[in-house]
Structures are given as C-alpha cells and as structure tokens.
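Heads up: the structure comes next, in structure tokens.
The values are calculated or read from the model by the stated rules, or taken from the named source; none is laboratory data. Remember, it's a predicted structure, so these values are computed and weren't measured experimentally. Note that we place each Cβ from the backbone using ideal geometry, even for glycine, and neighbour counts take in every protein chain shown.
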Amino acid sequence: MSKHHHHHHAGCVRPEPEKLLQDAVEQARASGLRRTKALENVLSILIHACQPLTLADIAEHKDLDTGADKATVYRLLMKLEQRSLIRRLGLHDRAAYYTMILPGEHSDYLICNECGRIEKLDIACPVQALEKQIAKSSGFKKLYHELEFFGQCPDCAQN
Ligand SMILES: [Zn+2]
Ligand SMILES: [Zn+2]
C-alpha cells in the first residue's frame with residue numbers, strides 16, 4: 001500500500017451532523033426540492049463523509065436504504081448542485097466527486113489528471129491570509145474559496 005493511503009482524517013467528523021442534515025433538508029425544500037427519503041439519504045451520506053464521494057460511492061452506499069438507482073441519485077446530485085447545496089469537483093463526469101457546501105468549512109484538493117482521484121490537501125490552507133486581504137480591499141463579505149491542484153498521482157506516475 002502506498003504512502004498516501006494513510007493520511008490522517010483529523011477533523012473529518014463534523015460536529016452535530018444531525019443538525020447539519022436538518023438544515024440541508026430545509027434548504028433543499030426551500031429551493032423547491034421534494035423531501036424524499038432518497039434526498040435525506042444522499043445528504044446524510046455526504047454530511048457524514050470524510051472525503052468527497054463519487055456517484056458510485058453514493059449510489060452503492062449502505063446508508064442509501066431507499067433502493068434509489070444510480071440514475072435517480074445522479075439526478076438528485078445535479079439538483080443539489082444547481083441549488084448550491086453541494087459542489088462538484090474533479091475533471092469530468094466520469095471522475096466527478098461531490099461534497100457538501102457548508103458554512104465556515106472549506107477544503108483544498110489535489111486531483112490526479114490521469115485517474116481522476118481526489119484527495120483533501122493535508123496542510124493548513126495556504127491562502128487564508130490572502131482571502132482576508134481580498135475581503136478587506138474589495139469590500140466583499142462572506143468570501144470563500146476552494147483550491148484544486150492538478151497533477152499526476154504517485155500511482156499513475158509509476159505506470
Ligand atoms: Zn492517478
Ligand atoms: Zn483553502
């Protein structure tokens with residue numbers, strides 16, 4: 001097993017996931033989505049995840065207890081993305097990952113150009129100070145960012 005498989009997940013367990021889920025379901029409903037079991041399941045899976053998840057991760061997840069098929073989950077993800085509850089990361093459809101957009105929370109990512117796999121950057125955010133400076137000079141409130149670094153992962157570099 002190569003080195004990058006055991007990076008730590010410090011802080012990956014979100015405090016009060018049930019509250020986050022409630023808020024997310026409310027937000028989805030307020031933006032016109034029907035409250036279904038599948039909607040609740042998908043949001044819950046994303047809120048409890050340590051990493052961004054692929055469509056397959058979600059559609060085959062043990063907590064998806066509705067029997068919703070992959071196409072249904074995909075449509076749901078698109079609707080959540082359009083409503084800015086979740087964000088799509090990655091290069092293209094085949095290697096797309098989904099992650100919650102949550103207030104006060106952001107991650108920066110490393111993405112492999114070849115296999116499409118994605119990892120959270122395991123370092124302190126490199127542009128926090130820059131963000132503050134931009135907020136100050138632009139007058140923008142609630143500024144946020146998410147960085148995506150692209151390259152070749154160690155596994156792909158070996159082949
Ligand atoms: Zn790769
Ligand atoms: Zn950052």
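Taking segment 104-122, which residues are surrounded by fewer than 16 Cβ atoms within 10 Å (Cβ to Cβ), away from ligand 2 (no atom under 15 Å from the Cβ) and not hydrophobic (A, V, I, L, M, F, W, C)?
Asn113, Glu114
Give the residues of segment 113-123 that are modelled with pLDDT of 85 or more and under 27 Å from Ala24 (Cα atoms), sorted by residue number.
Arg117, Ile118, Glu119, Lys120, Leu121
Working only within segment 133-148, note down all residues that are modelled with pLDDT under 90 and either outside any loop (DSSP other than H, G, I, E, B) or not aromatic (Phe, Trp, Tyr) (or both). First the steps, then the outcome.
Restricting attention to segment 133-148, the residues satisfying the condition of being modelled with pLDDT under 90 are 141-148.
The answer is Lys141, Lys142, Leu143, His145, Glu146, Leu147, Glu148.
I need a count of the residues in segment 46-73 that are more than 18 Å from Arg35 (Cβ to Cβ), outside any helix (DSSP H, G or I) and either without any contact (Cβ under 8 Å) to a residue 40 or more places away in the chain or of a type in the set (Ser, Thr, Tyr) (or both).
5
Determine which member of the set Leu91, Leu76, Leu130 is assigned to a helix (DSSP H, G or I) and buried (at least 16 other Cβ atoms within 10 Å of the Cβ). Break it down into steps so the answer makes sense when it comes.
On the way: Leu91 fails: assigned to a helix (DSSP H, G or I); Leu130 fails: buried (at least 16 other Cβ atoms within 10 Å of the Cβ).
Of Leu91, Leu76, Leu130, the one residue that is assigned to a helix (DSSP H, G or I) and buried (at least 16 other Cβ atoms within 10 Å of the Cβ) is Leu76.
Please state which of the following conditions Leu110 fails to meet, knowing it meets all the rest: (1) in contact (Cβ under 8 Å) with a residue 24 or more places away in the chain; (2) assigned to a helix (DSSP H, G or I); (3) farther than 27 Å from Gln27 by Cα.
(2)
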